[in-house]
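Visitor: Take this structure, written in structure tokens, and hold onto it; I'll ask about it next.
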Amino acid sequence: MDQGAGRWALVAGATSPIGSEVALRLGEAGYSVALLGFRHPEALARLEGALERRGIVHASLRTSLHGQEGIDRALGWVEEGGMRPEVLLFLAASGVMRPIGELSMHHLGWTFGVTSFSMALLASRLKPRKLIAVSSPGAGRAVAGYGAVGAAKASMEAFLRYLALELAPATSVYGIRVGLVETPAASRLPGFPEVRERVLSATPMGRLVTPGDVAELAVVLAREPLEMLTGSILDLDGGMGLSI
Ligand SMILES: NC(=O)c1ccc[n+]([C@@H]2O[C@H](COP(=O)([O-])OP(=O)(O)OC[C@H]3O[C@@H](n4cnc5c(N)ncnc54)[C@H](OP(=O)(O)O)[C@@H]3O)[C@@H](O)[C@H]2O)c1
């Protein structure tokens, strides 16, 4: 790591296929990238290799964002590395895909901790110029087996609106509600093949969202002023569900 190198973007959830693409594109757009991951060191190593080959300054930390300790660790690491981010791109999410009747307080606490509360705590402490967080259609609709994560995403979206209020005018805040992206995590949705077909047939653009689509929008939101868009949740889903 080249400490204090240029403008930093912090990507939480960088080990996900979507987060990795976002980190790469932010790097290509001129940011130094600070990467947060947790369970998948191999994904982190792959991403770091790709950044290295492009000559993009980067640093990484594996920490669980489900509790205060892991969040403090991330904040301390950012501070000590002189990496206070201009952009916080938040994609961390975790949760058990089961009907609500099969969930415990532990499951819900974990899911909300990682997916929602950590976003609120990281963003409010770091006060980036741009906060961009990835949500999903399950925040506004009911998707079978997605109750825990869907409700946590809805909570995260509510925090985004409050942060837009509390951190203005220094910080602009955006949510991106991303349609279905074919990732290993998405394929664990109960009945995934049928869900995939239903989403495709309800999408005028005729294809699923790709990590590249998310990265493209993230880079625009990061780089362009767009301050009057603060507090908005944007649908990035090819028009899914527009028709009745
Ligand atoms: N795939 C889709 O269809 C879709 C649609 C809409 C929105 N999204 C959102 O896009 C993001 C990436 O999705 P994905 O499908 O690529 O899923 P994913 O691989 O499960 O991504 C989740 C990310 O969160 C991190 N994470 C999980 N538990 C954590 C913890 N305790 N502490 C810190 N980080 C933790 C993971 O890191 P490790 O793997 O290293 O633990 C990973 O980087 C998620 O926010 C997801 O909700 C996805």
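Visitor: If I require 20 Å or longer along the helix axis, counting alpha carbons, and a Kyte-Doolittle average no lower than 0.5, what helices from the chain are left? Use full DSSP H segments.
Guide: 147-167
Visitor: Given springs between every Cα pair under 10 Å in a Gaussian network model of the chain, which of G206, G175, G109 has the largest fluctuation?
Guide: Looking only at G206, G175, G109, the biggest GNM fluctuation is shown by G206.
Visitor: Can you pull the semi-axes for the stretch 73-150, root of five times each eigenvalue of the Cα gyration tensor, sorted largest first, whole Å?
Guide: With the √(5λ) rule applied to the stretch 73-150, the semi-axes are 29, 14, 8 Å.
Visitor: Would you mind putting 225-232, 148-155, 17-24, 120-127 in packing order, based on average other-beta-carbon counts within 10 Å, highest first?
Guide: Taking the mean over residues of other Cβ atoms within 10 Å, the ranking is 17-24, 148-155, 120-127, 225-232.
Visitor: Subtracting the Cα-Cα distance from 0.36 nm times the residue separation, let me have the gained length for A185 to L242 in nm, one decimal.
Guide: 18.0 nm
Visitor: Largest first, please: the extent of the C-alpha atoms of the stretch 8-236 along each principal axis, to the nearest Å.
Guide: Largest to smallest, the principal-axis extents are 45, 39, 38 Å.
Visitor: Just want to confirm a number: the relative contact order over the stretch 8-236, from Cα pairs under 8 angstrom separated by 6+ residues, in percent.
Guide: Relative contact order for the stretch 8-236 comes out at 21 percent.
Visitor: State the extension gain, in nm to one decimal, for the chain segment bounded by A50 and R7, taking 0.36 nm per residue of separation less the distance between their alpha-carbons.
Guide: The span from A50 to R7 would gain 13.6 nm if fully extended.
Visitor: Continuing with this model, one more query. For the pair E227/R73, report the inter-label distance in nm, with labels modelled 7 Å from Cα in the Cβ direction.
Guide: Going from the E227 label point to the R73 one covers 3.7 nm.
Visitor: What distance in nm separates the simple spin-label points at R129 and R196, each placed 7 Å from Cα in the Cβ direction?
Guide: Here the modelled spin labels are 4.0 nm apart.
Visitor: Set the Förster radius R0 to 35 Å, insert the Cβ-Cβ distance between E42 and E86 as r into 1/(1 + (r/R0)^6), and round the FRET efficiency to 0.05.
Guide: Efficiency, from the Cβ-Cβ distance: 0.75.
Visitor: Can you give me the pair-distance distribution of the stretch 154-223, C-alpha pairs, 5 Å bins, whole percents?
Guide: Result returned by the calculation: 3, 14, 18, 17, 19, 13, 9, 5, 1.
Quick note: the coordinates plus some simple rules give every number you see, no bench work behind them. Bear in mind that the values here come from a model prediction, so they are computed numbers and not experimental data. As a convention, Cβ positions derive from the backbone with ideal geometry for all residues, glycine included, and neighbour counts pool all protein chains shown.
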